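See below for the structure under consideration.
Just so it is clear, none of the values below were taken in a lab; they were calculated from the coordinates. Bear in mind the structure is a predicted one, so any value in this text is a computation, not a measurement. As a convention, Cβ positions derive from the backbone with ideal geometry for all residues, glycine included, and neighbour counts pool all protein chains shown.
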Amino acid sequence: MHGPASPGWLLVALCAATGAYCLLRMRSGVEEQRGAAGGEALMGFGMAAMAVPAVVFSPPGWVWPAYAVVFGAAGLRALWAARSARHHLHHAVGAAAMVYMAVVMAAAPAHGHGHGHAHGASGTPVLTGALLLYFTGYVLLTGVRLVPVVAVAGGGAGADGRAAAGWGDRPELVRACRLTMAIAMLAMLLPL
């Protein structure tokens, strides 16, 4: 991240907290919840590491290709999982954004400025713009969807008398987690 280090550290904390919550969601009793949570934890921790201010730590050159490989594999896994659950397409787009940012960082001159700063031939403005549009739309749509879920989920037991889902399975927390990562992705894509 360029500019003051404080916003970079806030982004690190936000992404790491989201990754930690997603790790806790992996203990869910719902199989699909566990699988999605693992990919989201990887994304949260990867974004946290990528957002560390360059004045504090400038990673060696091999880190960016490693990021591209890891998130490329995560994207392929998400595409495979999208055959049965549509929301995995969002995970694939997020992984593609991480690959894109890693490629931009690898192409940045001497990795000098670090996180999120590449201009000219090393960046692809059309791809950056498309990703910004996607994540902005996702943030707005998820925010709108989150409001009714919070209002409905306030009760202790469901209409059928069964106990409410565990806190890791609550849909409003899952959506808030995804919303948080999408907002963080926007913050990381803006400087490109």
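In order along the stretch 125-141, the Karplus-derived 3J(HN,Hα) couplings, from 6.51 cos²θ - 1.76 cosθ + 1.60 at θ = phi - 60°, round to x, 5, 5, 4, x, 5, 5, 4, 5, 4, 5, 5, x, 4, 4, 5, 5 Hz, and Gly and Pro are given as x.
Whole-Hz Karplus values for the stretch 68-75 come out as 4, 5, 4, 6, x, 5, 5, x Hz, taken residue by residue from phi with 6.51 cos²θ - 1.76 cosθ + 1.60 and θ = phi - 60°; glycine and proline positions read x. So which chymotrypsin sites (Phe, Trp or Tyr not before Pro) in the stretch 43-76 end up in coil per DSSP with only 16 or fewer other C-beta atoms within 10 Å? Of the chymotrypsin sites (Phe, Trp or Tyr not before Pro), the ones in loops of the stretch 43-76 whose Cβ has at most 16 other Cβ atoms within 10 Å are Phe57, Trp62.
As a calculated quantity, the FRET efficiency between Ser6 and Val69 at R0 = 41 Å, using C-beta atoms, amounts to about 0.85.
Annotation: amide H of Ala54 within the under-5 Å range of His115, sequence separation 5 or more or interchain, hydrogens built in the peptide plane. Extension gain for the segment Leu23 to Ala107, taken as residue separation times 0.36 nm less the Cα-Cα distance, is 27.1 nm to one decimal.
Between Val30 and Leu133, full extension at 0.36 nm per residue minus the direct alpha carbon distance yields a gain of 33.9 nm.
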